[in-house]
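Peer 1: Have a look at this one before I ask anything.
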Amino acid sequence: MKKLHFSIFALFFTTVLTAQQLEQISFANASTLTSFGFIADRNVLIRINSEGKIMEWGIEVKADRAEYYAPQLQPYMGRVEYYTEAIDSVIKGKIKSIGTCNFTYYGSSEISSKAGKIRTIGNQAVDYYTNYDNAALNGKMKSAGTTTFEYYSSFENESFKGKLKSVANNAILYHSSFDDKLIRGRIKSIGATNFQWYTSLDIGRSGLKSGSYRQRIGNITYILL
């Protein structure tokens with residue numbers, strides 16, 4: 001009986017720890033950050049852009065016989081609540097909870113670069129760069145829980161200025177404007193993981209040459225759409 005109680009406690013404790021954790025980071029054309037994906041209970045994926053706005057939520061569907069995931073999330077049929085008229089005007093109408101995942105927001109009294117943006121995702125506090133930082137960073141997500149994000153400044157190469165530069169200890173490198181026209185701005189590496197792309201020299205070929213469009217690095221899945 002003690003073992004059973006311990007197992008139930010361990011399962012509950014693990015679930016609490018993993019709830020609302022950063023699970024995915026998605027890029028368009030393997031270049032431009034599109035969303036941070038947080039996983040909640042019942043495998044609900046909540047995608048939030050770098051400006052702290054909820055974009056979509058639902059269940060990710062995987063093909064039975066291939067490593068392929070449907071582009072669109074399957075609708076979540078559980079409870080979704082919104083903040084009412086009695087709340088601060090910048091929070092009114094925003095999502096209050098998706099299932100058991102609750103959200104709070106920075107109010108109108110906050111600095112303008114934070115007002116109305118997500119403040120907490122479950123037990124994960126969210127912070128943002130402000131107008132005191134480089135212009136290319138202003139308003140972008142700086143941290144979620146213990147995970148920090150850095151971005152290339154406006155002084156960087158044209159092909160990657162303003163783009164995501166690192167996630168925690170994993171640096172993200174991009175091909176510059178001096179590289180082949182087919183790969184400019186595309187991700188070259190994330191941490192120790194490299195990506196090779198077909199260039200204009202590869203006649204009739206395009207896309208990813210080596211690596212994976214969906215790559216698990218550390219505790220995060222990076223999706224290069």
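Readers should treat all values here as calculations from the given coordinates under stated rules, not as data from a laboratory. These figures come from a predicted structure and were not determined experimentally. Note that we place each Cβ from the backbone using ideal geometry, even for glycine, and neighbour counts take in every protein chain shown.
Peer 1: Return P(r) of the range 16-97 (all Cα-Cα pairs; 10 Å bins starting at 0; whole %; ordered from short to long distances).
Peer 2: 16, 41, 33, 8, 2
Peer 1: Which residue, 33, 137, 182, tops the fluctuation ranking in a GNM of the chain built on C-alpha contacts under 10 Å?
Peer 2: In the Gaussian network model the winner is 182.
Peer 1: Using the Cα atoms as the points, what is the convex hull volume per residue of the range 50-156 in Å³? Walk me through the numbers on the way to the answer.
Peer 2: Working: hull volume 15.0 nm³, N = 107.
It is 140 Å³ per residue.
Peer 1: Below 17 Å, Cα to Cα, which aspartates and glutamates can residue 96 reach? Residues fewer than 8 away in the same chain don't count.
Peer 2: The reachable aspartates and glutamates, counting only those whose Cα sits under 17 Å from residue 96, are 41, 56, 81, 85, 88.
Peer 1: Restricting things to alpha carbons, find the Rg to Rh ratio for the chain using the Kirkwood radius for Rh. The partial results should precede the final answer.
Peer 2: Details: Rg = 19.5 Å, Rh = 19.3 Å.
That ratio is 1.01, to two decimals.
Peer 1: About the Cα centre of the chain, what is the dipole size in debye to 20, counting +1 per Lys and Arg Cβ and -1 per Asp and Glu Cβ, all else neutral?
Peer 2: Working: 27 positive and 19 negative charges, 76 e Å.
Taking the Cα centre of the chain as origin, the dipole is about 360 debye.
Peer 1: Can you give the local net charge around residue 222? Use residues other than it whose beta-carbon is closer than 15 angstrom to its beta-carbon, Lys and Arg +1, Asp and Glu -1. Working shown, then result.
Peer 2: On the way: positive: 47, 163, 165, 186, 188, 214, 216; negative: 23, 60, 67.
Summing Lys/Arg as +1 and Asp/Glu as -1 gives +4.
Peer 1: Something else now. Compute the longest continuous run of the chain that contains no exposed GluC sites (Glu not before Pro); treat a site as exposed when its DSSP state is not H, G, I, E or B and it has at most 12 other Cβ atoms within 10 Å. Can you show the working numbers first?
Peer 2: Details: sites that count: 67, 85, 158.
Counting at most 12 other Cβ atoms within 10 Å as exposed, the longest clean stretch of the chain is 86-157.
Peer 1: Do any trypsin sites (Lys or Arg not before Pro) in the range 167-225 lie in a DSSP loop with no more than 13 other beta carbon atoms within 10 Å, and if so, which?
Peer 2: Values: sites: 181, 184, 186, 188, 205, 209, 214, 216; in loops: 181, 184, 186, 205.
Of the trypsin sites (Lys or Arg not before Pro), the ones in loops of the range 167-225 whose Cβ has at most 13 other Cβ atoms within 10 Å are 181, 205.
Peer 1: Under the rule of at least 5 residues apart or a separate chain, name every residue whose amide H is placed under 5 Å from the amide H of residue 179.
Peer 2: none
Peer 1: Counting each DSSP H run of 4 or more residues in the chain as -39500 (n - 2.57), what helix-only mean residue ellipticity at 222 nm follows after dividing by all residues, to the nearest 500 deg cm²/dmol? List each step's numbers first, then the result.
Peer 2: Values: 1 runs with 17 residues, N = 225.
Helices in the chain give a 222 nm mean residue ellipticity of -2500 deg cm²/dmol.
Peer 1: Rounded to the nearest 0.05, what FRET efficiency is calculated for residue 130 and residue 150 with R0 set to 22 Å and r the Cβ-Cβ distance? Please list the in-between numbers first.
Peer 2: Values: r = 15 Å, r/R0 = 0.67.
In this case the efficiency is close to 0.90.
Peer 1: Can you give the longest run of the chain that contains no chymotrypsin sites (Phe, Trp or Tyr not before Pro) sitting in a DSSP loop with at most 13 other Cβ atoms inside 10 Å?
Peer 2: On the way: sites that count: 68, 132, 155, 178.
Answer from the scan: 1-67.
Peer 1: Spelling out what I want: for every residue of the range 165-175, take phi, set θ = phi - 60°, compute 6.51 cos²θ - 1.76 cosθ + 1.60 (Karplus), and round to whole Hz; glycine and proline get x.
Peer 2: 9, 7, 10, 6, 9, 9, 6, 10, 10, 10, 6
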